[in-house]
Amino acid sequence: MAVKALDRWEKIAGFAFGVVFITALLVITVLIPNPTPTQYATFKTVLAIAAAGVAGILAGFIEIKGKFQKLGIRAGGALAVFVLTFFFTPAAPQAIVHNGSGDIVIGYTIDQHQAILEQDRAQLRNDLERAHTGETELLQSEKQTLEKELAEVEQRLANIDASYQSRITFLQETIVELRTFKGAVDDSLLLAAEKALAQGKTEKADQLFKQVEEQEQRPIERAANAAFQRGKIAEENIQYYDAFEHYERAISLVNDNPHYLKRAGYSAGILGYHSKKMEWTSKALNLYIELEGEHSPHTAEMWNSLGLGWAFAGDYDKAIKYYELALNGYIKVFGDDHILINGIYNNLGIAWHSKENPRKAMKYYELALVNELKIWGDRHPVIARRYNNIGLILDEEGNHDRAIEYFELALKIDLETLGEAHPNIATEQSNLAVAWANKGYYDKAIKYLELALSTDLQIFSKDHHPNVSRDYFNLGYVWAKKKNYKKALGYFELSLSMDLSIYGKGHPNLIANYRNLGLLWIEEGGYDKSIEYFELALDISGGTLGKTHPVYLDLYDNLEHLQSLAAKN
């Protein structure tokens, strides 16, 4: 009797196990709608075991035969259900695009996607290292483009599921575009390009579009579209120079297509061609307003893009004006909790922060954070960036302990999601250093800054990159706090030299460097040099922030005081 009771409880336990795990898998299916092949194999195994547990209460045998007479399995209920579930479940699903010409199966897996990105990352890091050591000679703009390409690869790896879905969408859309050229090119070439795209390969599609672009001068629209599609392929493959050339070709053929102008402007901005970015984006905006009115996703996108352009130029008032237009446009189209709106909140926060208005900046950062926590959860690089921005404001307001809490939260999230060799890690280390320095822990601050500088020098150009400039600036700040003015001067001068090469004269990013150099030369007794730096800072702040701005007024008072000191000495 005891044996029978034990057998009954074993069956009940197996049944309960099966029900629990099948329920768990149903939940996972909702949370992970597109599993990787490895995840799919794991889920299938667990499902087979769970199904067997449920079937454990079944009596009798099931016979399973293969298509060859000698292959067969005769098993009890539980084992038979395991075999059926494991060996006869469908293959892992593939992406399908539904089109009037029939369904297209995309046989490109997330594992392939990740492997390609990792290869690209290794190659880009190698190219940058060779450029840094002088093994290959590149222009500064070429180095910066490599850095941007590496940053994009890192971003796609950090958000692998989203970037995989984006790649699938791109492949599907490109196949649909290919089909529009039917009759204009050889059918066998078209079919070969389509099959290659379905496997995630873009080279044959690019060659076909090139053929159309070169041969089809009539109609011009077809040649322009071919050039545009080549630009999209190059951009998707993170080949920014090639993308720019193709988009420029497209708008040279057809200059009133807002989609061409939009992508051309975006491409120009990546390469630092800001006058072209602003010109083409403005044209795209006007065309979108004519076609769609002022309240459409495209017009809002163009207003935001123009805001980013003005922010780069240091005109934060104009940037804020365009960001607010973009924000109103997106809210009217999507409501106030759409994912695109959070990016505008963040841009407004940065602009107000740059205008030395931390309370307004904090308002926008917090609005973005509340929405993004709902979308991403609390362990995502986007959340880390928001924590970092909030930490900066708290630190500036003198709340150093809370600032450190936010910086450490951001650092922890990014270490978990991005790994150690990532520019976001260096940014958080640099900001932690400043907060610790503001609390008087200078040696701790210097250790953090040396870590940040080491990371940035591995990733970015050794001569001219904003992140490296920031690290030098912060080292100058901490050494000044330690009253080692000669070391501080050296770091501030390095930072200033980089900023001049990146932004040019007259940019508001230079104000802090000029001001700090002016203050340090007072300590060193060099009043003439100090006056020179304060005059430069005053001139820029008056032109960009306005002569009623607190920064301008503070610089003006300092300069007057300095001039009176110099007159006495």
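The values are calculated or read from the model by the stated rules, or taken from the named source; none is laboratory data. Just so you know, these numbers come straight off a predicted model, no measurement behind them. Reconstructed Cβ throughout: ideal geometry from the backbone, glycine too, with neighbour counts over all protein chains shown. Surface accessibility is based on the protein's heavy atoms, side chains included, excluding ligands, DNA and RNA. Shrake-Rupley method; radii C 1.70, N 1.55, O 1.52, S 1.80 Å.
Is the stretch 181-202 home to any residue that is within 23 Å of R121 (Cα to Cα), touching a residue at least 12 places away in the same chain (Cβ under 8 Å) and among the acidic types (D, E)? The answer is no; no qualifying residue exists.
Inspect all residues belonging to the stretch 316-336 and state whether any of them is in contact (Cβ under 8 Å) with a residue 24 or more places away in the chain and outside any helix (DSSP H, G or I). Within the stretch 316-336, none of the residues are in contact (Cβ under 8 Å) with a residue 24 or more places away in the chain and outside any helix (DSSP H, G or I). Could you tell me whether E420 is at negative phi, of a type outside the set (A, V, I, L, M) and either at pLDDT 90 or above or touching a Cys at 6+ places or on another chain (Cβ under 7 Å) (or both)? In short, no. Restricting the first member to the stretch 285-305 and to residues that are without any contact (Cβ under 8 Å) to a residue 12 or more places away in the chain, and the second to residues that are part of a helix (DSSP H, G or I), the beta-carbon pairs closer than 8 Å and six or more apart or on different chains are I289/T299; E292/H298; E292/T299; G293/T299. Within the stretch 278-301, the set of residues being open to solvent by 20 Å² or more (accessible area, probe 1.4 Å), under 12 Å from P258 (Cβ atoms) and among the small types (G, A, S) comprises S282 only. Applying the condition of being of a type in the set (S, T, Y) and open to solvent by 50 Å² or more (accessible area, probe 1.4 Å) to the stretch 449-503 and asking which residue is nearest to Y273 (Cα to Cα) yields Y503. Does the stretch 226-241 contain any residue that is charged (D, E, K, R), open to solvent by 40 Å² or more (accessible area, probe 1.4 Å) and not in a loop (DSSP other than H, G, I, E, B)? No: the stretch 226-241 contains no residue that is charged (D, E, K, R), open to solvent by 40 Å² or more (accessible area, probe 1.4 Å) and not in a loop (DSSP other than H, G, I, E, B). Can you find even one residue in the stretch 369-380 that is buried (at least 21 other Cβ atoms within 10 Å of the Cβ) and under 30 Å from I289 (Cα atoms)? The answer is yes; a qualifying residue exists. Scan the stretch 197-215 residue by residue and report those that are surrounded by fewer than 19 Cβ atoms within 10 Å (Cβ to Cβ), of a type in the set (D, E) and modelled with pLDDT under 80. Within the stretch 197-215, just E214 meets the criteria. Taking each residue of the stretch 152-163 that is at negative phi and looking for partners that are of a type in the set (K, R) with beta-carbon atoms closer than 7 Å, six or more apart or interchain, yields V153/R121; E154/R121; L157/R121; S163/R156. Among residues of the stretch 105-126 that are among the acidic types (D, E), those with a Cβ under 8 angstrom from a residue that is open to solvent by 70 Å² or more (accessible area, probe 1.4 Å), sequence gap 6+ or separate chain, pair up as D111/T38. Do we find that K321 is charged (D, E, K, R) and either in contact with a Leu (Cβ under 8 Å, 6 or more places away or on another chain) or open to solvent by less than 30 Å² (accessible area, probe 1.4 Å) (or both) in this structure? Taking the combined requirement at face value, the residue does not satisfy it.
Residue-wise test of (1) farther than 22 Å from L510 by Cβ; (2) at pLDDT 90 or above; (3) in contact with a Cys (Cβ under 8 Å, 6 or more places away or on another chain).
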| residue | (1), (2), (3) |
| --- | --- |
| H295 | yes, no, no |
| A300 | yes, yes, no |
| A319 | no, yes, no |
| Y322 | yes, yes, no |
| N328 | yes, yes, no |
| D336 | yes, no, no |
| Y345 | yes, yes, no |
| K355 | no, no, no |
| A361 | no, yes, no |
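Helices (runs of 4 or more DSSP H) fully within the stretch 359-468 that include at least 2 residues being farther than 20 Å from N346 by Cβ: 400-418, 423-438, 442-459. Looking across the stretch 525-553, the residues that are surrounded by 14 or more Cβ atoms within 10 Å (Cβ to Cβ) and acidic (D, E) come down to E532, E535, D539. Residues of the stretch 344-368 being crowded, with 19+ Cβ neighbours inside 10 Å and either among the small types (G, A, S) or touching a strand residue (DSSP E or B) at 6+ places or on another chain (Cβ under 8 Å) (or both), which ones? Within the stretch 344-368, G349, A351, A361, A368 qualify.
Checked against the criterion of being under 23 Å from G398 (Cα atoms) and small (G, A, S), the stretch 455-477 contains one or more residues that satisfy it. Just checking, does the stretch 262-277 include any residue being β-branched (V, I, T), open to solvent by 10 Å² or more (accessible area, probe 1.4 Å), farther than 30 Å from H246 by Cβ and out of contact with any Gly (no Cβ under 9 Å at 6 or more places or on another chain)? Checking the stretch 262-277: not a single residue is β-branched (V, I, T), open to solvent by 10 Å² or more (accessible area, probe 1.4 Å), farther than 30 Å from H246 by Cβ and out of contact with any Gly (no Cβ under 9 Å at 6 or more places or on another chain).
Table: residues versus (1) under 23 Å from A433 (Cα atoms); (2) assigned to a helix (DSSP H, G or I); (3) touching a residue at least 24 places away in the same chain (Cβ under 8 Å); (4) over 33 Å from the mean Cα position of the chain (by Cα).
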site: M498; (1), (2), (3), (4): yes, yes, yes, no
site: S501; (1), (2), (3), (4): no, yes, yes, no
site: L510; (1), (2), (3), (4): yes, yes, yes, no
site: N513; (1), (2), (3), (4): yes, yes, yes, no
site: L517; (1), (2), (3), (4): yes, yes, yes, yes
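Here E194 qualifies as more than 30 Å from R385 (Cβ to Cβ), touching a helix residue (DSSP H, G or I) at 6+ places or on another chain (Cβ under 6 Å) and not basic (K, R).
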